[in-house]
Amino acid sequence: MNEPYRLRYVNQIVGVFLIVVFILSIVISVRFTSGLAVKKDLFYIHVPEDMAAQLRTGTEVIILGETVGQVDALDYVVDDDLVRVTLAINSKQSDQITTESEVTLDRKYGVGPAVVRIRRNRPEGQTDPPKRLLPGQTITRIQEQDDQVDRMAGEIEAAGNSIDNAARQLQKSLGESIDPAFRTTEETFESLRLTSDAIRPEAVQTLAQLRETTENLESELTRLARRVDQLVDGDIRTTIQRIQDSATAATDAAESVETLAANIDAKSDKANADVATTLATLRETARLIQRLTNETREIVTIVRGEAEELPGTTQRVNDTVEDTQELVGDIQDHWLLRRYRERKSPTQQLSPSAVRGGGVR
């Protein structure tokens with residue numbers, strides 16, 4: 001526990017740190033000495049004060065996209081409102097500055113810090129070859145142009161003014177056209193509201209009356225439909241029963257007529273022409289009765305299917321049944337059938353002795 005505390009790797013760490021500091025010092029010294037060793041040629045330009053206000057000492061000078069120097073100093077010209085800008089150009093690129101060179105004030109990337117650009121721009125009509133400017137001479141050709149930031153600000157301000165003008169025109173148009181329409185609409189809505197408030201009680205009362213009338217009508221229709229169903233069912237059942245009875249009676253009458261006609265036909269060898277005609281009429285009547293019976297049965301089927309849709313069919317069937325019953329009664333009341341029906345015994349034969357000279361005593 002009494003041993004002294006020892007730091008590990010202290011010498012190594014201190015050595016590395018000193019080496020790094022030494023290397024950085026060498027690099028900085030080389031850069032500084034190289035900067036001092038580069039020979040600078042000075043050129044001058046005269047610009048208005050508003051352009052010079054954008055420049056600072058150390059502002060880059062660019063030729064063909066390469067930095068060739070910087071602004072060395074800014075001074076007022078004696079007895080003039082211009083500013084003399086001293087450009088320190090590397091001696092290796094100073095030979096690119098000629099009488100055709102033109103200085104332009106620009107910004108990096110359009111919105112960055114100000115830079116001085118030097119480019120060649122041959123004047124119109126000049127045919128002489130360009131001559132190199134010697135160090136210490138002045139570049140006379142200055143292209144005066146607005147600063148891009150100021151120009152953008154001006155464009156934005158112009159756009160804002162245009163928007164303000166458009167807004168004022170729109171507001172004026174709204175005041176002239178939309179506002180009167182809104183006022184008219186408000187007046188119309190107010191009139192509709194007053195009218196609605198006035199007719200609302202009557203409308204409520206009318207709706208209540210309509211609701212009550214509708215309920216009464218529905219109840220009456222239900223009761224009427226129930227009564228109609230009862231009446232139609234009872235009437236149809238009665239009619240069908242009557243039709244069946246009439247059909248049975250007509251069938252029996254037809255069979256009776258056919259039987260009588262057969263008996264009369266068998267026993268009427270000596271009957272006269274009137275009897276033969278009567279029998280033919282009876283046969284035809286029997287066939288008609290039979291056909292009428294079949295039609296009556298078909299009518300019964302149709303009446304069963306269409307009783308709900310054709311209430312008048314019941315009355316027509318009743319009339320048909322009554323006509324059939326009357327026809328059967330007329331046939332039964334015919335004198336020839338009545339005579340043959342009332343005869344209980346066969347006709348008494350005459351003795352041959354009673355017949356003399358073609359006559360009967």
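Quick notes on this one:
- Single condition I62 does not satisfy, out of (1) on the phi > 0 side of the Ramachandran plot; (2) touching a Lys or Arg at 6+ places or on another chain (Cβ under 8 Å); (3) not hydroxyl-bearing (S, T, Y): (1)
- Single condition S25 does not satisfy, out of (1) modelled with pLDDT under 85; (2) outside the structural domain of R141 (by TED's automatic domain parsing); (3) among the polar types (S, T, N, Q): (1)
- Test: residue in segment 18-38 that is in a loop (DSSP other than H, G, I, E, B) and either under 60 Å from the mean Cα position of the chain (by Cα) or within 30 Å of I142 (Cβ to Cβ) (or both): yes
- So P113, is it within 17 Å of T140 (Cβ to Cβ) and either free of Cβ contacts under 8 Å to residues at least 24 places away in the same chain or loosely packed, with under 14 Cβ neighbours inside 10 Å (or both): no
- In segment 53-107, residue nearest to P130 (Cα to Cα) [restricted to those that are assigned to a loop (DSSP other than H, G, I, E, B) and aliphatic (A, V, I, L, M)]: I97
- For A158, the test of being at pLDDT 85 or above and either under 60 Å from the mean Cα position of the chain (by Cα) or over 27 Å from P48 (Cβ atoms) (or both) is failed.
The values are calculated or read from the model by the stated rules, or taken from the named source; none is laboratory data. Computed from a predicted model, the values in this text were never measured in an experiment. Ideal geometry is used to build each Cβ from the backbone, glycine not excepted, and the neighbour counts take in all protein chains shown.
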